[in-house]
1. Please go through the stretch 119-147 and give me each residue that is surrounded by 16 or more Cβ atoms within 10 Å (Cβ to Cβ) and either over 30 Å from residue 109 (Cβ atoms) or within 16 Å of ligand 1 (Cβ to nearest atom) (or both), ordered by number.
2. Go through the stretch 287-309 and report how many residues are at negative phi and part of a loop (DSSP other than H, G, I, E, B).
3. Give the residue, chosen from 231, 220, 211, that is buried (at least 20 other Cβ atoms within 10 Å of the Cβ) and among the basic types (Lys, Arg).
4. From the residues in the stretch 48-65 that are of a type in the set (A, V, I, L, M) and part of a loop (DSSP other than H, G, I, E, B), which one is surrounded by the most Cβ atoms within 10 Å (Cβ to Cβ)?
5. What residue, of 279, 283, is in contact with a Ser or Thr (Cβ under 7 Å, 6 or more places away or on another chain), surrounded by fewer than 17 Cβ atoms within 10 Å (Cβ to Cβ), at pLDDT 95 or above and over 20 Å from residue 134 (Cα atoms)?
6. Taking the options 174, 222, name whichever one is of a type in the set (Phe, Trp, Tyr) and within 16 Å of ligand 1 (Cβ to nearest atom).
7. Which of the residues spanning the stretch 358-382 are within 16 Å of ligand 2 (Cβ to nearest atom) and either within 18 Å of residue 212 (Cα to Cα) or crowded, with 22+ Cβ neighbours inside 10 Å (or both)?
8. Does the stretch 323-336 contain any residue that is closer than 21 Å to residue 116 by Cβ and touching a helix residue (DSSP H, G or I) at 6+ places or on another chain (Cβ under 9 Å)?
Amino acid sequence: MKTKTESKEVEWYLDFVDKKARPEKDDLVALFRIIPAEGFTIEEAAGRVASESSVGTWTTLTTLTPRVRKLMAKAYQFSGEFVSITYPQELFEEANMPQVLSSVAGNVFGMKAVRGLRLIDISWPEPLVSKFRGPQFGMQGIRSFMKIRKRPLTASVPKPKLGLTYEEHAKHGYEAWSGGLDLLKDDENLTNQDFNSFEKRARLCYRLRDKAERETGERKSYLINITAETKEMERRARLVKELGGEYVMIDICTTGWAALQTLRETCQDLGLAIHAHRAFHAAFTRNPEHGMSMTVLAETARLIGVDQLHIGTVIGKLEASEEEVLTLRDKVVGKKYEGRRNTLPQNWFGKKDVLPVSSGGLHVGLLYPLLKMLGTDIIVQMGGGIWGHPMGGRAGAKALREAIDAYMSGSDLNDTTKASKELKAALEKWGTKTYE
Ligand code: CAP
Ligand code: MG
């Protein structure tokens, strides 16, 4: 005899499973990897995920009206552990990223019915996509204001990552700009410490940036990290504008989606580009059996409207497969994403491209394979690969810019006969090895 708890009076999760269902035109579709807990079938686990992320809870409800029934999410496509769930678009508030993620990436990760749950991808419907701002400048806008038509842009973050005074930081910036790099970048954990005040750093860096522009005849800019409490970030963004800056950098995972949406509005008013650093992402993106993929993070960033986003290197110091990094590139660049296996197609309905940033353990010996893999519509960021150069940062910058120019002209980097002493010294120190 079935107990009450196993009978229809309580158990209703399978109402959220319908293998004949198909998404409506404006539905949001989420692709999950679901690893059921002991004693649960994939359908029972998927029903719980669809229920908890839409209208349901653990028991049947006397309050479930026919109108609400129509809003139930449905797990409809099953391929092993990969399950697609379709959600009526009315479940989601327009232009509210926290609410979307509180639904499809909220309680579900903690359900006992799953041993592992990973939100792999989302297919965003036009009514939701159209209400987010998207990038203000995007790849073409950045190339236009930086006056760099085809080659990769270059950036460097002074190292050691913390501890430099604002004068040392600005001086390093001047060395990097003078050596040929385009962008100075703050590290993700440099904000406004006693040893390096945000305001003093900003004032001196933009002054030296102007000097480097005059001396080199090239556009130079600064990815200054405004990460802080939201109102303080708005204050810092206004100071950047007043000092003639073009960008702000925001650690989008530690500041959060609501803060990023607020600063996207502020940056629209100020005409500032957003460089998105993703520190903290690996806490939830790295485990292949649990969490939320970097793909979904990249989509949220493009929808909210960052202009540049770190996507990884494959061959550097931080973990990321080639398939993941290429998927990230293809998701943030282009009008439509047709899809690799286990991802969903996406039409961006006119949202601008995001400029991908490749960074983390890079040095000139890795540049050619990096550009062959990712193409040249990227920013190449090197910290240690510049400030670890045996002849100093300016030499490191010169070596990187020379290697970029060599790649763009089709020369062979191994033919160092024509290479400068700075490039030779970098290749001698690091070779073509990945340093983890
Ligand atoms: C790189 C970096 C970046 C990482 C972030 C660092 O320094 O400044 O924050 O690239 O990772 O602190 O490690 P190096 P990702 O060039 O010296 O490695 O780009 O994957 O988000
Ligand atoms: Mg860093």
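1. Hits for the stretch 119-147 are 136, 137, 138, 139, 141, 142, 143, 146.
2. Residues that pass the stated criteria total 7.
3. Exactly one of 231, 220, 211 is buried (at least 20 other Cβ atoms within 10 Å of the Cβ) and among the basic types (Lys, Arg), namely 220.
4. Ranking the qualifying residues of the stretch 48-65, first place goes to 55.
5. The conditions single out 279.
6. Answer to the selection: 222.
7. 358, 359, 362, 363, 379, 380, 381, 382 - these are the residues of the stretch 358-382 that are within 16 Å of ligand 2 (Cβ to nearest atom) and either within 18 Å of residue 212 (Cα to Cα) or crowded, with 22+ Cβ neighbours inside 10 Å (or both).
8. Scanning the stretch 323-336, I find at least one residue that is closer than 21 Å to residue 116 by Cβ and touching a helix residue (DSSP H, G or I) at 6+ places or on another chain (Cβ under 9 Å), so the answer is yes.
The values are calculated or read from the model by the stated rules, or taken from the named source; none is laboratory data. No experiment lies behind these values; they were computed from the predicted model shown. Reconstructed Cβ throughout: ideal geometry from the backbone, glycine too, with neighbour counts over all protein chains shown.
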